[in-house]
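The values are calculated or read from the model by the stated rules, or taken from the named source; none is laboratory data. As the structure is a prediction and not an experimental result, all values here were calculated from the model. Methodologically, a virtual Cβ is constructed for each residue, glycine included, from the backbone with ideal geometry; neighbour enumeration extends over all protein chains shown.
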Amino acid sequence: MSLRAAAAPSLKTAASAPRRALFSTSRSLFSEVAPETEPSAQSEFPTLSTKPLPRAVRKEIISHFTNLGSTQTRGNSFQPHHPLHRPASPHSLTLSALVASGAHIGHARALTRPSFIPYTYGHRAGVTIINLDHTLPLLRRAANVTRAIAQANGTVLFVGTTDALRPAVRKAAERMGPNGFHVGTKWLPGTLTNAVELFGPATIKSHSVKPDLVVFLNPAQNLHAIRECAIARIPTIGIIDSDVDPRIVMYPIPANDESIRTAELVAGVISIAGREGVEIWQRSVQEKAKADRRRDLNNEISEPQDQ
Amino acid sequence: MSCLAPTRSVLFRSRLPTAVSRRCIHQLPTLPYKIENGLGDFLSPAALRTVAVEYQSGLLANLNELVKDTDLENKSIVQTVLSTARDPAKVLTFNHACQALNNSFFLDNLKPPSGRGSTIPPDLSNSIIKSFGSPTALKSSLSAAVTGMSGSGWVWLVCDQRTELGVVATYGPSTLLARTRMQVAASAGRAAYNPNRSVGSNTVQVGNVTPGALNYVGQSLVPLLCVSVHEHAWLLDYGVWGKEEYMRRFWDVVNWDKVDEILKKFVRPDFGG
């Protein structure tokens, strides 16, 4: 405690000579925070710098200490951004993940669509509970469909027309590379049925503007888009809640359409399956090219050209 | 998570980090050496187990209880320390996380003595000579700081960005990575600072340590090495009053290579120290 008393007088003297003291030494900016140490009295001790650490050094320190203390680090623990950026794969999807995302919570009991009843577990607190024992295999079926379509070089369109769903459909489309597309804002009426008008004849001739599969994260708000897909004979997948008829899409996934985590989970699972399909397709293209080259080489050897 | 044990094709090896499906809690970290063999003459296997297993797992168990179902439950220990350092409502969490981090740092920089004895790498040796005059002077200064502490705490070998070394002693659960409330109060010279009322972090200078260094904690100092000044560390092997012998034998097990590595990682004079 004697050291504490010793520090106080020096602080007072620094404050009592304000202007001159502030600009006299290189460390004077900190004079109100740190009492000045007199070099002559403590010459046998090193004088440490007061300059704040550079940010790169601070990051290095924290990264060194991250592995100390316990086994838990930012990399191996759940973070709130994981459902969007690190979704579960269809091979490791579990019921608990679905429950954790709130996929089992349907709409009000009075609004239950009769054709949805096969997918309900029951009712609780005036709300329909969706039976996830049906949801899980149906979601895996939808993932298998997507993988098969991507494996045949098909294109998949993800539709999620609210602000909250936009990042999920965007990431899902990015995952599928050249075979993935998304509609994150309004679905323009006539995209499939009036494509010539919307895209122009030149684009119609040079590009294919019809996807091979459409995945709806909020089909209840996009019934016109679903009708267009039916007219254009394009298969559809959709998250169907308890107030919606599951027959509007070809492969319904009975789940909560109001939960963003559920939508991110569904979009993630389906897009990861789609990415696997795209990889298989690309590998098959490479192997076919290799086989063609080999065949051409063999032909050249077996039929030597006349010089 | 997996009683389902899916058969994943080798084609679908994911390149990106996979989803975390199981809740993680703080668990004992692994040490760079085996606990069963102890640390030479410094700590017997039983004493090392007390420090590295019993004390550490108790701290982590308490911490898990405290952070369960809060936004701190998925943070690493160092992030927990940094988030709770200035929050008066979270002082218990800070105390446990801080002690766990410091204990882990203390044990991480040690290694069982090899037959030849440890030599100090040249860069570190130059810094020691520049700041203290000789390694013996450093050892003497740090040991004196440990001997002078009448209470539990940690004694740190610190460095600034000009590779000047120093010794800092801190009582109780205290970190050099962030300025805690007590340090802010102390450095501002506020009369309200009353160590008798303090619970938890309490950094007070003791004799022989670099004066004024405490004011630069969390600002310009990086820790290189720390010594655990707790009775549970020396009680089993040396008895209640065995602190001096404990410090004498400490120097044989310091992993100077690791300290040198940390010095090179944490100190960048080219950034303008």
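Before moving on, here are some points about what is shown:
- Of all the numbered requirements in (1) surrounded by 12 or more Cβ atoms within 10 Å (Cβ to Cβ); (2) more than 30 Å from A:R141 (Cβ to Cβ), A:N298 misses one, and that requirement is (1).
- Highlighted here are the helices (runs of 4 or more DSSP H) found entirely within segment A:146-259 that include at least 3 residues which are in contact with a strand residue (DSSP E or B) (Cβ under 9 Å, 6 or more places away or on another chain) and over 21 Å from A:P90 (Cα atoms): A:223-231.
- Of everything in segment B:109-161 that is among the basic types (K, R) and part of a helix (DSSP H, G or I), the residue that is surrounded by the most Cβ atoms within 10 Å (Cβ to Cβ) is B:K139.
- Where A:S77 falls short, out of the listed (1) surrounded by fewer than 19 Cβ atoms within 10 Å (Cβ to Cβ); (2) at pLDDT below 95: (1)
- Among the candidates A:S89, A:S63, the residue that is within 30 Å of B:A52 (Cα to Cα) and among the hydroxyl-bearing types (S, T, Y) is uniquely A:S63.
- Inclusion of B:L59 among residues that are in a helix (DSSP H, G or I) and not aromatic (F, W, Y) is warranted.
- Single residue of B:L101, B:L176 found to be hydrophobic (A, V, I, L, M, F, W, C), in a helix (DSSP H, G or I) and within 25 Å of B:V51 (Cβ to Cβ): B:L101
- Considering residues of segment B:75-91 that are farther than 14 Å from A:G69 by Cβ and either surrounded by 16 or more Cβ atoms within 10 Å (Cβ to Cβ) or aromatic (F, W, Y) (or both) only, the residue nearest to the other protein chains (Cβ to nearest Cβ): B:A85
Okay, residues lined up against (1) β-branched (V, I, T); (2) touching a residue at least 60 places away in the same chain (Cβ under 8 Å); (3) surrounded by 14 or more Cβ atoms within 10 Å (Cβ to Cβ):
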position: A:N153; (1), (2), (3): no, yes, yes
position: A:L157; (1), (2), (3): no, no, yes
position: A:T161; (1), (2), (3): yes, yes, yes
position: A:R166; (1), (2), (3): no, no, yes
position: A:V169; (1), (2), (3): yes, yes, yes
position: A:A172; (1), (2), (3): no, yes, yes
position: A:M176; (1), (2), (3): no, yes, yes
position: A:F181; (1), (2), (3): no, no, yes
position: A:W187; (1), (2), (3): no, no, yes
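- Test: residue in segment B:21-40 that is within 11 Å of chain A (Cβ to nearest Cβ), within 30 Å of A:A100 (Cα to Cα), modelled with pLDDT under 95 and buried (at least 22 other Cβ atoms within 10 Å of the Cβ): yes
- Of all residues making up segment B:228-245, the number that are within 18 Å of the chain's Cα centre (by Cα) and more than 17 Å from B:W156 (Cβ to Cβ): 3
- Residue among B:A233, B:A185 that alone is out of contact with any Ser or Thr (no Cβ under 7 Å at 6 or more places or on another chain), modelled with pLDDT of 85 or more and among the small types (G, A, S): B:A233
- Of the residues A:I239, A:I280, the single one that is within 19 Å of A:V169 (Cα to Cα) and β-branched (V, I, T) is A:I239.
- Residue satisfying all of: in segment A:62-117; part of a helix (DSSP H, G or I) and within 30 Å of B:L225 (Cβ to Cβ); farthest from the other protein chains (Cβ to nearest Cβ) among these: A:S63
- Among the candidates A:R233, A:R293, residue that is of a type in the set (K, R) and either more than 30 Å from the chain's Cα centre (by Cα) or surrounded by 14 or more Cβ atoms within 10 Å (Cβ to Cβ) (or both): A:R293
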